[in-house]
Amino acid sequence: MRYVIASVVKGDAGNFNNNLRKKVFEKFKAKSSKLPAHFTIKAPFESNDITDLENTLDNFSKSHTSKEYKIKGYDHFDDRVIFMKVLMSNEGKLMHDELIDDLSTIDYLDFSREDGKDKVFHVTISSKKIRNIFDKLWGYVSLIPCDFDCSFDNICIYKWVDNTWVLHKEYLLD
């Protein structure tokens, strides 16, 4: 089974991202992730048994509390991905890195520069075949105000079912 680990962006910022992705699709036919608004903790991976992952996240969620971060403005990875910029707090970064340390003990989870401790925290707006329309898309998105206070208060496991991501389990950080 294929899984991904993410922190869902909730509230105004999550609604903003979900709606902006719909507008971008309607206006430019630019696709994005099938996940709700989120930042990735672990990119997609395969496993037949994630009991150890579930236990690790359960223990982590019971021993950690939510941390604040901001989403402010936009950026992009070359002409491939446009995203909302996440300005993770120092406390949130420390908690994230501790989470990566804990997850790294699980055999089937390997972290790269893109999803490990040194990742660029971001919430994707558009990432699927946008090179040909990048300038128009960037011109449209970059003019829309984007400034939100957020909370790193959840860790979610999604599984790939029938060509979409379905929530498997959510762990709340109170």
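Where a number appears in this text, it was derived from the coordinates with a stated rule and is not lab data. What you see is a predicted model, and the numbers here were worked out from it, not measured in a lab. Please note: Cβ atoms are built from the backbone with ideal geometry, for glycine as well, and neighbour counts cover all protein chains shown.
Below, the figures for the structure above:
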| item | result |
| --- | --- |
| Links that overshoot a 23 Å alpha carbon limit, given the list 85/119; 136/159; 22/119; 34/129 | 136/159; 22/119 |
| Candidates 14, 73, 139: whichever shows maximal mean-square fluctuation once the chain is modelled as a Gaussian network with Cα springs under 10 Å | 139 |
| Which listed pairs, of 42/93; 10/67; 29/70, have C-alpha distances above 20 Å, in listed order | 29/70 |
| Farthest toward positive dipole pole in the range 2-172 [+1 Lys/Arg, -1 Asp/Glu at C-beta], among 87, 17, 38 | 17 |
| Local electrostatic count at residue 138 - Lys and Arg +1, Asp and Glu -1, tallied over other residues with Cβ under 12 Å | -1 |
| GNM flexibility winner over the chain from 127, 63, 142 (Cα, springs under 10 Å) | 63 |
| Net charge, residue 48 excluded, C-beta distance under 15 Å - Lys, Arg +1, Asp, Glu -1 | -3 |
| Given charges at beta-carbon only (K, R positive; D, E negative), |dipole| of the chain in Debye | 1220 debye |
| Alpha-carbon centroids, the range 1-74 and the range 76-155: separation in whole Å | 9 Å |
| For the chain, built as a Gaussian network whose Cα springs stay under 10 Å, the top-fluctuating residue of 12, 97, 107 | 107 |
| Nitroxide proxy distance, nm - points 7 Å out along Cα→Cβ at residue 118 and residue 97 | 1.3 nm |
| Neighbour-count order for 8, 120, fewest beta carbons within 10 angstrom listed first | 120, 8 |
| Ellipsoid equivalent to the range 33-111 - semi-axes via the Cα gyration tensor, in Å | 25, 18, 11 |
| Positive-end residue, the range 2-172 charge dipole about Cα centroid, Cβ charges, pick of 111, 139, 125 | 139 |
| At R0 = 22 Å, FRET efficiency that the Cβ-Cβ distance of residue 161 and residue 58 yields, to 0.05 | 0.50 |
| Those trypsin sites (Lys or Arg not before Pro) in the range 111-174 that DSSP places in a loop and that have at most 16 other beta carbons within 10 Å | 113, 117, 129 |
| Computed label-point distance, nm, for sites residue 144 and residue 35 using a 7 Å Cα→Cβ extension | 2.0 nm |
